[in-house]
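The values are calculated or read from the model by the stated rules, or taken from the named source; none is laboratory data. Computed from a predicted model, the values in this text were never measured in an experiment. Positions of Cβ are backbone-derived with ideal geometry, glycine not excepted, and every protein chain shown enters the neighbour counts. Protein only, heavy atoms only, side chains kept; ligands, DNA and RNA dropped before computing areas. Shrake-Rupley method; radii C 1.70, N 1.55, O 1.52, S 1.80 Å.
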Amino acid sequence: MRTLVAEDEHEAGRADRLAVRRRGGAHRGGAPLGARIARLSEGGAAPPRVVPNDRLPQLPELVNNVIGYQWQATVLSVGALTLVSLAVGWLIARRILQPLHRITATAQRLSLSTLHERIALSGPKDELKELADTFDAMLDRLERSVEGQQRFIANASHELRTPLAVQRAAIEIGLPEDVGEIRDTLLRHNRRAENLIDALLVLARAEHGLDNRSPVALDQVVRRVLAEKDADGVIVTVRAEPFVVDGDPVLLNRLVTNLLDNAVRYNHPGGTVEVTLSHGALTVRNTGPHVPRERFGDLFKPFRRLHTTPGQGAGLGLSIVAAIAKAHGADVRANPNPGGGLELVVVFARSEDASPAGGTAE
């Protein structure tokens with residue numbers, strides 16, 4: 001009997017342990033969510049807090065706002081840095097290139113009449129300072145060379161003019177007029193030598209540039225030269241409008257004289273010469289022998305003669321015209337006439353501070 005009771009108790013305990021194990025396994029194996037919440041509620045746990053949906057932050061909108069702010073800050077920073085870098089770069093480049101601009105401006109102003117100017121760059125002994133000093137030293141040598149050339153021309157002209165003047169006086173006084181052609185030949189060659197010296201001096205002066213300028217009424221210069229010129233059987237007509245040139249009156253007079261001499265010398269007997277001054281352009285057109293197009297390059301070169309005549313010059317007339325025109329900032333061009341002869345045009349730049357009424361024809 002006792003054995004049966006003990007066996008029943010043992011079976012009952014075993015059944016209880018199996019039941020406990022099943023409940024624990026069901027809990028560990030993942031009971032339904034509702035059952036677990038119910039057991040927690042029964043155990044006194046606080047219910048979760050519910051937040052309204054309208055108070056929850058919108059994550060995508062927040063991310064977009066942050067990214068937009070970062071882009072704005074980046075753009076403003078890059079823009080400010082770009083402006084600052086451009087300003088600093090411009091200031092540095094200007095300071096570095098300023099000596100180069102000074103050297104360039106001095107070189108552009110230089111001519112035979114302004115060789116006394118120097119750069120005289122101050123500052124540290126760098127490459128730009130060395131370049132400026134080398135340029136100034138070159139100008140010193142060039143100025144001394146030009147001054148020596150001018151002294152040589154002045155001395156040579158004086159030494160040559162004096163014996164020529166003595167020879168001309170001896171020929172005119174010492175030789176009687178009845179000696180035939182010897183006297184005329186000597187006088188002709190004597191005058192030709194004097195004219196050659198004068199032409200060389202004028203050419204050297206024109207190529208040297210203009211030291212002094214003054215308003216000159218070019219129309220009055222043209223009329224005065226025509227009044228003093230011997231036409232030598234050539235019909236000369238003139239039409240000159242008032243025009244003022246800022247330049248040298250002596251050189252301008254020589255320019256007009258050489259143009260007219262060339263037009264009269266290289267002309268047909270009974271030919272015509274037309275002189276026109278209009279809108280700053282002096283035009284001298286003549287009838288004469290045909291000039292080949294390939295010879296136009298020799299017209300303004302010294303000691304070049306296209307035609308041989310008994311009274312030919314030294315071939316300096318038009319080269320002097322070109323040099324004087326260049327000294328006055330004018331352009332010279334030559335065009336052939338259909339029937340022979342030339343059309344020589346000198347185009348001047350109008351003087352801004354002079355009026356036609358204020359010119360002088362000296």
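Condition (residue is farther than 29 Å from Lys326 by Cβ, among the basic types (Lys, Arg) and surrounded by 10 or more Cβ atoms within 10 Å (Cβ to Cβ)) applied to the range 95-112: is it met by at least one residue?
no
Pairs linking a residue in the range 271-293 that is within 11 Å of Asn337 (Cβ to Cβ) to a residue that is part of a helix (DSSP H, G or I), with Cβ atoms under 7 Å and 6 or more positions apart or on different chains, are Asn286/Ala263. Considering (1) among the aliphatic types (A, V, I, L, M); (2) over 24 Å from Val273 (Cβ atoms); (3) at pLDDT 90 or above, the lone condition that Val221 does not fulfil carries the number (2). I'd like to know if the range 286-306 contains one or more residues that are modelled with pLDDT of 85 or more and either loosely packed, with under 12 Cβ neighbours inside 10 Å or not acidic (Asp, Glu) (or both). Among the residues of the range 286-306, at least one is modelled with pLDDT of 85 or more and either loosely packed, with under 12 Cβ neighbours inside 10 Å or not acidic (Asp, Glu) (or both), which makes the answer yes. For the range 174-187, the criterion of being within 28 Å of Lys326 (Cβ to Cβ), surrounded by 13 or more Cβ atoms within 10 Å (Cβ to Cβ) and not polar (S, T, N, Q) is satisfied by no residue at all. Within the range 124-135, no residue that is at positive phi sits with its Cβ atom under 8 Å from a residue that is surrounded by 10 or more Cβ atoms within 10 Å (Cβ to Cβ) at 6+ positions apart or across chains. Being under 43 Å from the mean Cα position of the chain (by Cα) and charged (D, E, K, R) is the filter; apply it to the range 229-240 and report the residue that is least open to solvent (accessible area, probe 1.4 Å). The selected residue is Lys229.
Residue check: is Glu172 part of a helix (DSSP H, G or I) and on the phi < 0 side of the Ramachandran plot? Taking the combined requirement at face value, the residue satisfies it.
For the range 208-216, the criterion of being at positive phi, modelled with pLDDT under 75, not in a helix (DSSP H, G or I) and not aromatic (Phe, Trp, Tyr) is met by at least one residue. Quick check, is Ser77 modelled with pLDDT of 80 or more and surrounded by 10 or more Cβ atoms within 10 Å (Cβ to Cβ)? Against the criterion (modelled with pLDDT of 80 or more and surrounded by 10 or more Cβ atoms within 10 Å (Cβ to Cβ)), Ser77 qualifies. Take the residues in the range 80-94 that are open to solvent by less than 80 Å² (accessible area, probe 1.4 Å) and aliphatic (A, V, I, L, M); name whichever of them is farthest from Glu207 (Cα to Cα). Across the range 80-94, the extreme among qualifying residues is Ala80.
Of all residues in the range 147-174, those that are touching a residue at least 40 places away in the same chain (Cβ under 8 Å) have Cβ atoms under 6 Å from Cβ atoms of residues that are surrounded by 10 or more Cβ atoms within 10 Å (Cβ to Cβ), 6 or more apart or on another chain, in Ile153/Ala204; Ser157/Ile197; Ser157/Leu201. Only residues that are part of a helix (DSSP H, G or I) and either among the hydroxyl-bearing types (Ser, Thr, Tyr) or at pLDDT below 80 (or both): list them for the range 314-362, please. Of everything in the range 314-362, those that are part of a helix (DSSP H, G or I) and either among the hydroxyl-bearing types (Ser, Thr, Tyr) or at pLDDT below 80 (or both) turn out to be Gly317, Ser319, Pro356, Ala357, Gly358. Would you tally the residues in the range 225-243 being part of a loop (DSSP other than H, G, I, E, B), touching a Ser or Thr at 6+ places or on another chain (Cβ under 9 Å) and more than 21 Å from Ala349 (Cβ to Cβ)? Residues in the range 225-243 being part of a loop (DSSP other than H, G, I, E, B), touching a Ser or Thr at 6+ places or on another chain (Cβ under 9 Å) and more than 21 Å from Ala349 (Cβ to Cβ): 2 in total. Looking across the range 263-285, the residues that are assigned to a strand (DSSP E or B) and of a type in the set (Val, Ile, Thr) come down to Thr272, Val273, Val275, Thr276, Thr283, Val284.
Using the structure shown, decide if Glu117 is modelled with pLDDT of 80 or more, loosely packed, with under 10 Cβ neighbours inside 10 Å and within 46 Å of the chain's Cα centre (by Cα). Taking the combined requirement at face value, the residue does not satisfy it.
Close contacts from the range 235-255, counting a first residue that is more than 16 Å from Ala199 (Cα to Cα) and a second that is part of a helix (DSSP H, G or I) and open to solvent by 50 Å² or more (accessible area, probe 1.4 Å), with Cβ to Cβ under 7 Å and a gap of 6+ residues or different chains, come to Val238/Arg223; Ala240/Arg223; Pro242/Pro356; Phe243/Pro356; Val244/Pro356.
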